[in-house]
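Quick note: the coordinates plus some simple rules give every number you see, no bench work behind them. The structure displayed is predicted, hence computed values, not measured ones. Because the Cβ atoms are built from the backbone with ideal geometry, glycine has one as well, and the counts that use them run over all protein chains shown.
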Amino acid sequence: MRLEERINQVDSFSNTEYVLLEYLISSKSKVINMQAAELAKHTFTSPASVTRLSQKLGFSGFNEFKFVFKTRSE
C-alpha cells in the first residue's frame, strides 16, 4: 500500500503529525537515510512523535516505515 493510501485511511492527524508528513513527502530521498532522532531534529518534533506517526500509519516503527517507504518509491 502506498503512503498516500495509508494517510487517507487515517481519520485525523495532529499538527505535529502534519509537520512530519509534509517533510516526509517533500524530502523523501533524505528521509530514507535518516534515523527517527534526525528526522525529529529536522522537523522540530520528537523521536517519539516520529515513532507514533509510523505506528499510526500501520508500521511497527520508523525503521519499518523507512523500509516500506524506500521500496515503494523505487
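From the list PHE69, PHE44, PHE62, which one is hydrophobic (A, V, I, L, M, F, W, C) and touching a Ser or Thr at 6+ places or on another chain (Cβ under 6 Å)?
None of the other options fit; the residue is PHE62.
Kindly indicate the residue of the stretch 41-74 that is surrounded by 13 or more Cβ atoms within 10 Å (Cβ to Cβ) and of a type in the set (Val, Ile, Thr) and also farthest from ARG2 (Cα to Cα) among those meeting that condition.
Top of the filtered list is THR45.
Output the number of the condition that TYR18 fails; it satisfies all remaining conditions of (1) part of a helix (DSSP H, G or I); (2) under 16 Å from ASN63 (Cβ atoms).
Here TYR18 meets the rest and fails (2).
If you scan the stretch 10-23, which residues turn out to be without any contact (Cβ under 8 Å) to a residue 12 or more places away in the chain and either on the phi > 0 side of the Ramachandran plot or of a type outside the set (Phe, Trp, Tyr) (or both)?
ASP11, SER12, SER14, ASN15, GLU22
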